[in-house]
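First up is the structure itself, then whatever we jot down about it.
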Amino acid sequence: MKIVTAGNAVDTDSARRELPKASGLVLACKGPEIAGIGTIKRARPKYARTIQERSGISFEPDLLELGYVAVAEAHKGQHLSRRIVEKLLAGCDGDLFATTGSDRMKRTLTHANFVRSGHEWKGKRAMLSLWVLRRKPS
Ligand SMILES: CC(C)(COP(=O)(O)OP(=O)(O)OC[C@H]1O[C@@H](n2cnc3c(N)ncnc32)[C@H](O)[C@@H]1OP(=O)(O)O)[C@@H](O)C(=O)NCCC(=O)NCCS
């Protein structure tokens with residue numbers, strides 16, 4: 001929880017509420033220390049509809065979201081988020097979306113083949129954008 005809120009990229013109350021309900025969780029440990037975290041959040045159709053409206057992109061309301069990816073200050077800059085995202089993707093096989101305002105996270109998502117979709121919108125802390133990963137054969 002400390003790592004997630006330290007990045008100042010998420011709403012603390014919603015992180016406290018949503019983290020225990022996540023459908024997937026990856027922790028990166030360095031010795032006894034938690035160096036990074038990432039989750040696949042539970043489906044939240046109402047929230048998904050809000051993101052559709054804000055981005056102008058329509059997607060399935062039960063699409064799962066990859067989020068709460070954060071690396072502790074002492075371990076940043078080693079692409080740990082890429083490894084966390086790879087592990088999360090290996091643990092689920094459907095399509096996913098993510099939203100972020102972090103340039104570093106955008107690079108991590110691009111590396112994992114997420115595609116930026118629609119237009120940006122103003123979040124509480126930064127301009128946010130929608131990123132979608134399609135893995136099912138069409
Ligand atoms: C986004 C985040 C998880 C990425 O962490 P990370 O895996 O350590 O980042 P990376 O190692 O991929 O670093 C990204 C780039 O910044 C560079 N960098 C340089 N100095 C750095 C430093 N002190 N810390 C982090 N990155 C640094 C890296 O070299 C890298 O550049 P490159 O892609 O050209 O090689 C991390 O910045 C974070 O926890 N941010 C706050 C929370 C957040 O915004 N999460 C996203 C919410 S969806």
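The values are calculated or read from the model by the stated rules, or taken from the named source; none is laboratory data. Source: prediction; values computed, not measured. Protein only, heavy atoms only, side chains kept; ligands, DNA and RNA dropped before computing areas. Shrake-Rupley method; radii C 1.70, N 1.55, O 1.52, S 1.80 Å.
Of all beta bridges that DSSP places with both ends in the chain, some 90 percent have antiparallel geometry. Gain on full extension, evaluated as 0.36 nm per residue between R104 and K87 minus their Cα-Cα distance, stands at 4.3 nm.
For K87, a cut-off of 16 angstrom between C-alpha atoms picks up these aspartates and glutamates, skipping any fewer than 8 places away in its own chain: E65, D95.
State the percentage of accessible surface on the chain attributable to carbon and sulfur atoms; use a 1.4 Å probe and exclude ligands, DNA and RNA.
51 percent
By the Stokes-Einstein formula, at 1.306 mPa s and 10 °C, the chain with its Kirkwood radius over alpha-carbon pairs has D equal to 105 µm²/s.
For K124, the lysines whose Cα falls under 24 Å of its own Cα, not counting residues fewer than eight places away in the same chain, are K2, K21, K41, K46, K76, K106. Rg then Dmax, both in Å and based on the Cα atoms of the stretch 1-81: 14.0, 44. Taking every full run of DSSP H in the chain, none both stretches at least 18 Å from end to end by Cα along its long axis and averages -1.0 or higher on the Kyte-Doolittle scale.
Across the stretch 2-133, Cα pairs under 8 Å and at least six residues apart give a relative contact order of 23 percent. Rolling a 1.4 Å probe over the heavy atoms of the protein chains gives the stretch 2-133 an accessible area of 56 Å² per residue.
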